[in-house]
Structures are given as C-alpha cells and as structure tokens.
1. What nm value, rounded to one decimal, do you get for the distance between Gln138 and Arg168 when each label is placed 7 Å out toward the C-beta?
2. For region 170-267, what does the alpha-carbon gyration tensor say about shape, rounded, prolate or oblate, given a ≥ b ≥ c as the root eigenvalues, a/c under 1.5 as rounded, and a/b over b/c as prolate?
3. For the chain, what are the per-bin percents of Cα-Cα distances with bins 20 Å wide, up to the bin holding the maximum?
4. Per the Kirkwood treatment, what hydrodynamic radius in Å, one decimal, follows for region 89-225 from the mean inverse distance over all distinct Cα pairs?
5. Under 24 Å Cα to Cα from Lys81, which lysines show up? Leave out anything in the same chain fewer than 8 places away.
6. With runs of 4+ DSSP H residues as the only contributors, calculate the mean residue ellipticity of the chain at 222 nm using -39,500 (n - 2.57) per run, divided by the residue total and rounded to the nearest 500.
7. Rounded to the nearest whole Å², what accessible area per residue is found for region 271-389 with the 1.4 Å probe?
8. Hey, what's region 201-250 come to in accessible area per residue, 1.4 Å probe, Å²?
Amino acid sequence: MSQLGRQAVIVEAVRTPVGRGHPEKGILRDVHPADLLGRCYVEVLRRAGVDPHEVENVITGCVYQIAQQAQGISRNAWLQKGLPETTGATTVDIRCGSGQQAVHLAALRIAAGVDDVVIGAGVEHMGRVGFRVNEGAQEQWGRGFTPELLEHYDLVPQGEGAELIADRWEITRADMDAFALRSHQRAHQASSDGSFDREMLPIVVSGDMHATDQGIRPDTTLDALAALRPAFREDGRVTAGNSSQVSDGAAAILLMSEEKADQLGVRARARVVDQVVLGVDPITMLTGPIPATAKILARNGLTIDDIDVIEINEAFASVVLAWQREHRPDTERVNPRGGAIALGHPLGSTGARLLTTLLHELEDQDKQLGLVTMCCGGGLGTATLIERI
C-alpha cells in the first residue's frame, strides 16, 4: 500500500450481532437488509464523531444482489438514513470475501489519493435473500455457469469442495468436530465476558434489543456433533455442525488518509499494510487462504509467528485445518473469539466483520499485527494485513 504514497488508516469499525438466517427464527428477520446496513453506516460515523458530508464513497460487499439486496444496496442503505446524496456508492461481489474486498477497495482509493474518507462495509440477510432465492432465480432465468465454463471445470458445490480438502489433507471427522466445539467454546467465552461489546451495534427490533450473536451453542458437545449426519456425501465428514452457519448481519469500517484523520482530530487506530486477492483451483475451491497467507507474509518479509492475531473464516472446519497444517500457526492466536461455525457467516458481511473483530482483538490484547484471510466460492483467496497504531 505504501508504494502508492499514502497510508489508509482505520478510525472506527462496528458490526451488528449475527442472526440466524431463518425467515421465522432469526433475530434480524424483521429488519430489511438495507436498514441493517444503514444502521452500521450511521453508527460508525457517530462513534467516530465524523460529519457524514466528509464521506466521499461507501463501498459495500454483498453476494446475493437480488430481490431486497438488488438495485445498489450500498447506495440505498445510505440514502434511506438521510445521509448526503453527494456521496458515491458501489456494491461489490467476490463471494464470501466481498466485505473484505470492499475494505480493500476503500483503502486503495485512499492510498491512490482519489478519496480521503471512505466507508468499507458488508451486508447479507440470508433469511430474506439467500440460497433459496438465488436458486429460484436461476431456475427461472438460467444458471451462472455456462456450458463453456463447465467444459473447462467439473464444478462442484462448496460442501463437496470441503470434502475434497478433507480427503487431500487426511482430515478426520473427529478433527473437524473438535475444531467446531472449540469455536463454540471460544465464542461463548468471548460473548459472556463482554469481549464483543465494543464492536457490537445492538439492534432493536419491535422493542427488543439484540446484542448477542444468535448462533453460539454453549451446550454443544462432541457427542452431539458426532451424531449429526454428513451434509454432502453419504459417507462424508462435513456436517452442519462443522460448517459455517447461514446467517444475517452487517458491518462497516471507516477509513481515512492519515492526513485527513489528523485534520479532523480523529484517532487512527490501525493502518492497512497490505492486501491480497488471488485465484486457486475452482473445484476444490476453498484452499485460497493457504497461498494468500503465504503471499502476504512473503511480500512483507514476515513469518506466521510474526502475526499476533489471525482471523480465518471458518467456512468449513476442513478449510481452517488444512491451512493450519500448511502454515503451522500458534493456534491460540487463531480465531481467539471463535469463528463462523459458532458466530455465523452472513456472506457479504463476514470479511468486514472479521476485520472489525480483529481490530478490537489487537487493542484488547495490546498487540500490533493482525491478519484476516478467507476462502471464497469460485476458487478465490483473500488476505488483509493490518497494523495497530
């Protein structure tokens, strides 16, 4: 990033609680996705004490840009909260890494000198707009995978990709269930001791306030996880219990140039050091964090042991376990507050949520370097390196 001449810094970051992506049981079921995102815009500016007229662009990740998430949700969420119509807006999609890529693009605009103040955000309401809606649209209007693409690649669902990773790295069902249990235990501990409080934007729905991630199961056990049936193969290892949850949520991160932060008297909390988006085999599809981590470490002259806190998305337990076998991190530094298996994975929001959590983890632990890395559908991998100021 420094090669472009300016540093992009993070001055504030907030997220909603993550709700179950269920049209009847999710805590956020009665909140329109644009409203959910808009609340994050308002709150990130309120906490930073920044006039919304200072924001030149908002960039938001969202995967299923259809139905209630169509027609430019980034812009719609901004306008419906009465925020300045002069602010530009873009909605981006690189599948699960969309919220992370939104922050990447925000940082790049600042580093390039195009903008001084940008919000990078993410949203996904899978209870209202999710797999069911997307599949229905493709059945009616045609699929995204053309015959020409399928001549090159025998594409499979993500769950099968997770099974292929388990095959390749010889990861057992017991390994994955143990990892899932640890995710719930860590998330429950973090939720119980208030570790998420500073990053959380409580959401009031019909008079009820929600400030806790809905997917955490503090009472789950290895026996309960072992009793679940495989989800993608009859004799498989991937289950609903060792996979990420279908979820609803939003997050927003306010970035500025260092000079603008000084001018506005706003505290810069971390700088965006570097970013990576790369491609991998689109069949196994989910191995992207392995080369993405290797690339960002090598480019910055670092080893995995130099990173104080790592957030890797728990799309499936096999993804994280394969990454761990390749990079050999101190697992106490990896997802210390649990991950998507317990907290949930609202697709377009998760990258921004992970960066929000990482920022607060670095501050709470008084540490310096943090890494977010994710796998993305279609065979993509992402990585973001931030340094606390």
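The values are calculated or read from the model by the stated rules, or taken from the named source; none is laboratory data. Nothing here was measured: the structure is a model prediction, and the numbers come from that model. Virtual Cβ from ideal backbone geometry, glycine too; neighbours counted across all protein chains shown. To get the accessible areas, we keep the full protein, side chains included, count just its heavy atoms, and leave off ligands, DNA and RNA. Shrake-Rupley method; radii C 1.70, N 1.55, O 1.52, S 1.80 Å.
1. 2.1
2. prolate
3. 31, 61, 9, 0
4. 19.6
5. Partners found: none.
6. -11000 deg cm²/dmol
7. Accessible area per residue: 27 Å².
8. Value returned for region 201-250: 56 Å² of accessible area per residue.
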